[in-house]
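Just below is one structure, and these are the notes that go with it.
Read-outs throughout are calculated quantities, based only on the coordinates presented, and are distinct from any laboratory measurement. Every value quoted in this text rests on a predicted model; they were computed, and no experiment measured them. Backbone-built Cβ (ideal geometry, glycine too); neighbour counts: all protein chains shown.
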Amino acid sequence: MIDQLSEYFRFMRDMGELEIPLPVEQIQFFKKAHPPHSNKENDSKSKSESIEQLIEDARNCKKCELYKTRNKLVFGCGSLDSEIIFIGEAPGRQEDLTGIPFIGQAGKLLDKILEAVKLQRENVYIANILKDRPPNNRDPKIEEEHACLPFLIKQIQIIRPKIICCLGRVSAKALLKINYSMKEMRGKIYSYQGIPLIVTYHPAALLRNAKLKRPTWDDFQFLLRTLDEIRCKNNNP
Ligand code: URA
């Protein structure tokens, strides 16, 4: 084989060829011997390594008092290759016990919404502004948000979603530094570090007021339409 190849290369050189078009069999042989690196595979690997490191940093974080009362850190869950990140407020009791975001009553409703719009929980990414549960589910304090936000920012930078969906006013306010009502924020496309961001109701609000289900459905349709437009733009810059 090597003798044949040398002869072939010499022949081509003598014919004045500076680049050698390999015969199909040789290309197949070469491809088998040197499989191309899968960028997606490498990308996912480095994403998961970066996230693991970030989880470790969050677990050791003592910038606010919440680590003292938590059972489990609730860092985030889902696909690191997700096109969408959903961002809630803070873990509740079930989340604190399991370490999984949106697993209690509000989470079950979020699952139903995702299912209704044909999104699978494992294919999207779900996180919160706070990674630890505030005692008795009280509202996050501003200093807790400031302490925890750098983890979410890094999380977003690692995952690089095509769109962010804030679930509720608290997460929109924390990320966008604006203090608008839900009515003012819904149906608009904001930008967070260049990533389109939309806002919809928190599922817990829907548990308290079923009339919000219809506008939430509209928001999810808006989210998916916007995502489609982003995909189209990326394919036809
Ligand atoms: N509410 C949130 O904002 N996040 C959760 O993970 C659960 C309930």
Task: Condition broken by residue 100, with the remaining ones in (1) within 9 Å of the ligand (Cβ to nearest atom); (2) surrounded by fewer than 22 Cβ atoms within 10 Å (Cβ to Cβ); (3) part of a helix (DSSP H, G or I) satisfied - done: (3)
Open item on the list: When you check residue 157 against the structure, is it of a type outside the set (D, E, K, R), within 29 Å of residue 215 (Cβ to Cβ) and in a helix (DSSP H, G or I), yes or no?
Closed with: no
- [ ] Name the single residue, out of those in region 120-134 being buried (at least 20 other Cβ atoms within 10 Å of the Cβ) and free of Cβ contacts under 8 Å to residues at least 60 places away in the same chain, that is nearest to residue 88 (Cα to Cα).
- [x] 128
TODO: Residue by residue through region 160-182, note down the ones that are assigned to a helix (DSSP H, G or I) and within 14 Å of the ligand (Cβ to nearest atom).
DONE: 169, 170, 171, 172, 173, 174, 175
Open item on the list: Six or more apart or on different chains, Cβ atoms under 6 Å: show the pairs whose first residue is in region 159-185 and touching a residue at least 12 places away in the same chain (Cβ under 8 Å) and whose second is crowded, with 22+ Cβ neighbours inside 10 Å and assigned to a loop (DSSP other than H, G, I, E, B).
Closed with: 167/202; 168/89; 168/202; 170/89; 171/89; 171/129; 174/129
- [ ] Among residues belonging to region 138-154 that are part of a helix (DSSP H, G or I) and within 16 Å of the ligand (Cβ to nearest atom), point out the one that is farthest from residue 80 (Cα to Cα).
- [x] 144
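Yes/no per residue for (1) surrounded by 10 or more Cβ atoms within 10 Å (Cβ to Cβ); (2) within 16 Å of the ligand (Cβ to nearest atom); (3) among the basic types (Lys, Arg); (4) without any contact (Cβ under 8 Å) to a residue 12 or more places away in the chain:
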| position | (1), (2), (3), (4) |
| --- | --- |
| 187 | yes, no, no, no |
| 195 | yes, no, no, no |
| 199 | yes, yes, no, no |
| 203 | yes, yes, no, no |
| 216 | yes, yes, no, no |
| 224 | yes, no, no, no |
| 235 | no, no, no, yes |
